[in-house]
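K.L.:
One structure, as structure tokens, below. Some questions next.
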Amino acid sequence: MRPDTHRLNGLDLLRSIAIVWVMLFHSFVVGGLGPNWAWLSRYGWMGVDMFFVLSGFLIGVQVLKSFKDGGRLSLRDFYLRRAFRILPAYWAILLLYLLWPGFREAPGMEPGWKFFTFVLNLYIDYLSNTAFSHAWSLCVEEHFYLLFPLLAAWLLRRPSMRKFIALCMFLVLAGVMLRSMVWLHDMAVDPTHQRNWFVEDIYYPTWNRLDGLLTGVALATCKVFRPQAWANARRYANICLLAGLAVMALALWLFRDRVGLLGNAIGWPVLSVGMGLLVFAGAGRDSLIGRWSVPGVGWLAAISYSLYLVHKAIYHVVQAQWGEQLADRGFAAFLAYGAAAIAAGAVLHYSVERPFLRLRERLPLYRRVGTTRVSA
């Protein structure tokens with residue numbers, strides 16, 4: 001695959017931080033980092049939300065550029081390119097999970113059809129079947145890939161910034177109300193958490209996780225349809241970076257009780273706005289995080305998808321072999337587990353993900369992406 005000369009250092013840095021943060025959070029699979037390092041892993045689940053904001057921005061720019069100035073998006077081309085990007089590595093790891101029980105980080109696993117149809121996040125018995133449960137975020141992404149181009153095509157038949165802002169406000173407020181109602185209902189029905197309703201009813205379902213994707217799409221809309229406003233705002237990229245960190249600090253406070261009502265009512269849009277400001281700061285070469293390339297960050301960002309797929313299972317495999325030697329070693333143990341996971345992620349990236357990306361570039365459909373007037 002040809003080197004990408006258009007990569008943005010800031011976005012690579014954010015993606016790399018996100019995957020390492022998620023890996024730190026999932027260290028609970030092998031007993032955690034210990035009390036001295038709990039502060040580092042406690043909020044690592046937020047790394048997934050950074051992926052959502054990045055995805056909303058990058059896919060949003062790609063789709064909306066195709067529609068700009070009266071152009072059309074080929075849905076067939078878009079879905080085919082997404083399939084070549086997502087499915088090969090995902091299916092490879094899914095088959096390992098299905099065919100090799102010893103590969104699983106937990107004994108129970110939902111049936112394969114839920115993974116193949118991307119409905120795992122909508123219907124899961126989390127207390128019994130947690131193996132490969134982190135595929136829930138891929139389900140959210142796939143639902144976004146499926147619906148966003150259709151929604152964008154409908155909205156852009158009669159473009160209206162007022163209509164778009166109204167839709168964004170409606171989705172944010174609807175999310176706050178829905179999560180609050182679900183939380184209050186489940187707490188009243190099952191206050192002792194006989195089932196993990198927080199994960200099953202609030203944290204996993206797509207309709208409760210739209211804030212990050214929506215924030216990314218809003219950034220993409222500004223970049224594509226208000227380029228002068230985007231360029232003017234770039235002068236304040238570093239201020240946005242600092243503001244993003246401040247809003248992130250507020251989100252950490254709101255989620256000090258991760259399963260509490262306050263965080264799950266308003267915490268998600270606050271977290272998404274904070275991350276959106278960071279993504280804006282990183283989406284150019286004129287900010288502190290976009291100006292310089294940190295050695296190794298671009299490579300880690302490139303393998304982050306494969307690494308996300310495989311890291312929990314590799315934690316388990318390493319623990320099964322060397323768990324006694326690594327027990328109670330805290331962050332040092334995580335370095336060992338993390339190094340093994342990164343190595344496995346690199347193998348998956350170079351052996352499966354990258355060859356299919358190369359194949360995607362050879363497709364006649366893929367070569368037409370640069371044109372705006374492509375028949376749907």
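K.L.:
For the stretch 221-376, just say rounded, prolate or oblate: build the C-alpha gyration tensor, square-root its eigenvalues into a ≥ b ≥ c, call rounded for a/c under 1.5, and beyond that prolate if a/b exceeds b/c, oblate if not.
P.N.:
oblate
K.L.:
Could I ask something else about it? Considering every Cα-Cα pair within the stretch 1-140, what fraction, in whole percent, is farther apart than 23 Å?
P.N.:
Taking all Cα-Cα pairs of the stretch 1-140, the fraction more than 23 Å apart is 50 percent.
K.L.:
Same structure again: If you roll a 1.4 angstrom probe over the protein chains with everything in place, what fraction of the accessible area of the chain belongs to carbon and sulfur, to the nearest %? Walk me through the numbers on the way to the answer.
P.N.:
On the way: 12020 of 18010 Å².
Using a 1.4 Å probe with all protein chains present, the chain comes out at 67 percent carbon and sulfur.
K.L.:
Another question, if that's okay. How much of LEU8 can a 1.4 Å solvent probe reach, expressed as accessible area in Å² and rounded to 10?
P.N.:
Counting only protein heavy atoms, LEU8 exposes about 50 Å² to solvent.
K.L.:
At 222 nm, what value in deg cm²/dmol follows for the chain if DSSP H runs of at least 4 each add -39500 (n - 2.57) and the sum is divided by all its residues, to the nearest 500?
P.N.:
-21000 deg cm²/dmol
K.L.:
Rank these by accessible area, largest first, 1.4 Å probe: MET187, MET248.
P.N.:
Working: MET187 60, MET248 25 Å².
Ranked list, largest accessible area first: MET187, MET248.
K.L.:
Moving on to the next point. Assuming 0.36 nm per residue, please report the length gained on full extension of the stretch LEU75 to LEU363 beyond their Cα-Cα distance.
P.N.:
Between LEU75 and LEU363, full extension yields an extra 102.2 nm.
K.L.:
Now, a different point. Under a 1.4 angstrom probe, counting protein chains only, how are ILE342, ILE17 ranked by accessible area, largest first?
P.N.:
Largest to smallest exposure gives the sequence ILE17, ILE342.
K.L.:
Among GLY71, LEU14, MET50, pick out the residue whose Cα is farthest towards the positive end of the charge dipole of the stretch 8-82, where Lys and Arg carry +1 and Asp and Glu carry -1 on C-beta, about the Cα centre.
P.N.:
Result: GLY71.
K.L.:
Would you mind getting me the FRET efficiency between HIS185 and ALA229? Use the beta-carbon distance for r and R0 = 45 Å, nearest 0.05.
P.N.:
0.60
K.L.:
Ok, one more. Once amide H atoms are placed 1.01 Å from N in the peptide plane, what residues at a sequence separation of 5 or more from ARG72, or on another chain, have their amide H within under 5 Å of its amide H?
P.N.:
HN-HN under 5 Å from ARG72: ARG373, VAL374.
K.L.:
Here is a further query. Mind jotting down the three principal axis lengths of the chain based on Cα atoms? Whole angstrom, largest first.
P.N.:
Over the chain, Cα extents along the principal axes are 61, 49, 42 Å.
K.L.:
Now for a separate question. Looking at the chain, do any whole DSSP H helices span at least 18 angstrom along their long axis by alpha carbon and average 1.0 or above on Kyte-Doolittle, and which?
P.N.:
Those that pass (Cα extent of 18 Å or more, hydropathy at least 1.0) are 9-25, 46-67, 136-155, 161-189, 210-225, 237-254, 268-282, 330-348.
K.L.:
With the cut-off at 1.5 for a/c, could you classify the stretch 96-225 from its C-alpha gyration tensor as rounded, prolate or oblate?
P.N.:
Note, shape of the stretch 96-225 comes out oblate.
K.L.:
Check each of the trypsin sites (Lys or Arg not before Pro) in the stretch 188-263 and keep only those in coil by DSSP with at most 16 other C-beta atoms within 10 angstrom; list them in order.
P.N.:
Counting only loop positions with at most 16 other Cβ atoms within 10 Å, the trypsin sites (Lys or Arg not before Pro) in the stretch 188-263 are ARG195, ARG256, ARG258.
K.L.:
Hey, can you rank 151-159, 316-324 by average C-beta count inside 10 Å, highest first?
P.N.:
Descending mean neighbour count gives 316-324, 151-159.
K.L.:
Any lysines with Cα under 25 Å of the LYS223 Cα? List them, leaving off those in the same chain fewer than 8 positions away.
P.N.:
Within reach: LYS65, LYS68, LYS163.
K.L.:
Count neighbours as other Cβ atoms within 10 Å of each site's Cβ, and list the trypsin sites (Lys or Arg not before Pro) in the stretch 3-50 that are DSSP loop with at most 14 such neighbours.
P.N.:
When the trypsin sites (Lys or Arg not before Pro) of the stretch 3-50 are filtered for loop state and at most 14 Cβ neighbours within 10 Å, ARG7 remain.
K.L.:
In the Gaussian network model of the chain, springs joining C-alpha atoms below 10 Å, which of ASP286, ASP211, ASP12 carries the largest mean-square fluctuation?
P.N.:
ASP286
K.L.:
Could you tell me which of TYR145, TRP230, PHE170 has its Cα farthest along the dipole of the stretch 114-238 towards the positive end, charges placed at Cβ (Lys, Arg +1; Asp, Glu -1), taken about the Cα centre?
P.N.:
The residue sitting farthest along the positive end of the dipole is TRP230.
K.L.:
Okay, next question. Starting from the Cα gyration tensor of the stretch 287-356, take the square roots of the eigenvalues, sort them a ≥ b ≥ c, and report rounded, prolate or oblate (rounded when a/c is under 1.5, otherwise prolate if a/b is larger than b/c, else oblate).
P.N.:
It is oblate, given that a/c is not under 1.5 and a/b is not larger than b/c.
The values are calculated or read from the model by the stated rules, or taken from the named source; none is laboratory data. Note that the structure is predicted; figures quoted are calculated from it, not measured. Glycine gets a Cβ as well: all are built from the backbone with ideal geometry, and neighbour counts include every protein chain shown. Heavy atoms of the whole protein, side chains included, go into the accessibility calculation; ligands, DNA and RNA do not. Shrake-Rupley method; radii C 1.70, N 1.55, O 1.52, S 1.80 Å.
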